[in-house]
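S.K.: Here's a structure for you.
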Amino acid sequence: MKRREEKEIKRLFGVDGSSYIGVFAGCTESLVLLPPHVSDKLAAEMERALKVNAVKTSIAETALVGCLAVGNTNGFIFSPYTLDSEIRRIEELARAEGLRGAMRKLPDRDRMTAAGNIILANDTVALVHPQLSEKTMEVIAETLGVKVYKGTIGGLKTVGMAAVATNKGILAHKNATQEELEFLEHIFELPVEIGSVNFGVPLIGAALLANTKGYAAGYETTGAELGRIEDALGF
């Protein structure tokens, strides 16, 4: 019965008619952040797929939650343009769920604002845009409680959109080089596979949310791509 129920969980989603759900949402082991205007039905379906609690919020007064924020069990990093009131709301709702993680904005000295685009993280390690300053890397390390490394995936510096990492595995851009894949395996100490989403799109993070308990993909993702997601992330 349990296996049958798992198959019935919705895995394919869209936000505002877009299959690029990673642009609009982000998740950790306990929470999924969604834009404030999404329906209660969509929020409930996302909660069920990821086995987390949903938090509806804007980031920097936009719906681009997945681009502008990134988090793990230990905390969240936000765009420097995120409003203090938005952070307080997320913090209050997180604490209501028993979470006490740190929440900080990216320093604006690097002129990079899209935290979700430039940081790939799980609960222990983060790979970041190679041009981030040492000071910003320290902020990320302290806030997320991770070891931080610089690198690229598929030649892209926006590593948060080029892959998805959980505490069980990593699915990376299909054009990632052997050197990049070996580096990911080395720093995360996890299996790494390549794949795509949304019928061939290599920007994994743009259309996939995942933790160790479940995943949600853009509605254009094919059956073969879902199979690769499940293999790579241990489902």
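S.K.: All but one of (1) at pLDDT 95 or above; (2) surrounded by fewer than 23 Cβ atoms within 10 Å (Cβ to Cβ) hold for R111; which doesn't?
M.R.: Of the numbered conditions (1) at pLDDT 95 or above; (2) surrounded by fewer than 23 Cβ atoms within 10 Å (Cβ to Cβ), the odd one out for R111 is (1).
S.K.: Follow-up question, since we're still on this one. Looking only at segment 162-199, count how many residues are part of a loop (DSSP other than H, G, I, E, B) and farther than 17 Å from V23 by Cβ.
M.R.: 11
S.K.: May I ask you to say which residue of A44, A54, A69, A63 is surrounded by fewer than 24 Cβ atoms within 10 Å (Cβ to Cβ) and touching a residue at least 24 places away in the same chain (Cβ under 8 Å)?
M.R.: A63
S.K.: Still on this structure, I have one more. Assuming S18 fulfils every condition listed in (1) within 21 Å of A206 (Cα to Cα); (2) surrounded by 18 or more Cβ atoms within 10 Å (Cβ to Cβ) apart from one, which condition is it?
M.R.: Just one mismatch for S18, condition (2).
S.K.: Condition (residue is in a loop (DSSP other than H, G, I, E, B), of a type outside the set (D, E, K, R) and over 16 Å from V139 (Cβ atoms)) applied to segment 70-78: is it met by at least one residue?
M.R.: The answer is yes, given that some residue of segment 70-78 is in a loop (DSSP other than H, G, I, E, B), of a type outside the set (D, E, K, R) and over 16 Å from V139 (Cβ atoms).
S.K.: Also, I was wondering about something else. Tell me the residue from A216, A207 that is crowded, with 24+ Cβ neighbours inside 10 Å, within 21 Å of L156 (Cα to Cα), touching a Phe, Trp or Tyr at 6+ places or on another chain (Cβ under 9 Å) and of a type outside the set (D, E), please. Give the steps one after another, and end with the answer.
M.R.: On the way: A216 fails: within 21 Å of L156 (Cα to Cα).
One residue alone meets the criteria, A207.
Let's see how each residue does on (1) of a type in the set (D, E); (2) modelled with pLDDT of 95 or more; (3) under 22 Å from A69 (Cα atoms):
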{"residue": "A141", "(1), (2), (3)": "no, yes, yes"}
{"residue": "L144", "(1), (2), (3)": "no, yes, yes"}
{"residue": "I153", "(1), (2), (3)": "no, yes, yes"}
{"residue": "A162", "(1), (2), (3)": "no, yes, yes"}
{"residue": "T166", "(1), (2), (3)": "no, yes, yes"}
{"residue": "H173", "(1), (2), (3)": "no, yes, yes"}
{"residue": "Q178", "(1), (2), (3)": "no, yes, no"}
{"residue": "E182", "(1), (2), (3)": "yes, yes, no"}
{"residue": "E185", "(1), (2), (3)": "yes, yes, no"}
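S.K.: Then there is this: State whether the residues of segment 75-85 include one that is among the small types (G, A, S) and within 26 Å of E193 (Cα to Cα). Please lay out each step first, then the result.
M.R.: The initial filter retains those residues of segment 75-85 that are among the small types (G, A, S), namely 75, 79, 85.
When the remaining residues are screened for being within 26 Å of E193 (Cα to Cα), the result is none.
No: zero hits.
S.K.: Let me ask something else. Residues of segment 21-41 being crowded, with 16+ Cβ neighbours inside 10 Å and either under 16 Å from N211 (Cβ atoms) or of a type in the set (D, E, K, R) (or both), which ones?
M.R.: Scanning segment 21-41 gives I21, G22, A25, G26, C27, T28, E29, S30, L31, V32, L33, L34.
S.K.: If you take the residues of segment 116-154 that are more than 20 Å from E189 (Cα to Cα) and of a type in the set (D, E, K, R), which of them is surrounded by the most Cβ atoms within 10 Å (Cβ to Cβ)?
M.R.: E142
S.K.: How many residues are of a type in the set (G, A, S), over 15 Å from F13 (Cβ atoms) and out of contact with any Pro (no Cβ under 9 Å at 6 or more places or on another chain) if we restrict to segment 196-222?
M.R.: Matching residues across segment 196-222 total 1.
S.K.: Residues of segment 78-105 being surrounded by 12 or more Cβ atoms within 10 Å (Cβ to Cβ), at pLDDT 95 or above and out of contact with any Asp or Glu (no Cβ under 7 Å at 6 or more places or on another chain), which ones?
M.R.: F78, S79, Y81, T82, E86, I87, R104, K105
S.K.: A further question on this structure: Filter segment 138-164 down to residues that are without any contact (Cβ under 8 Å) to a residue 24 or more places away in the chain and within 18 Å of T73 (Cα to Cα) and give me whichever is farthest from the chain's Cα centre (by Cα).
M.R.: E138
The values are calculated or read from the model by the stated rules, or taken from the named source; none is laboratory data. None of the values given here were measured: they were computed from a predicted structure. Glycine also receives a Cβ, built like all others from the backbone with ideal geometry; neighbour counts cover every protein chain displayed.
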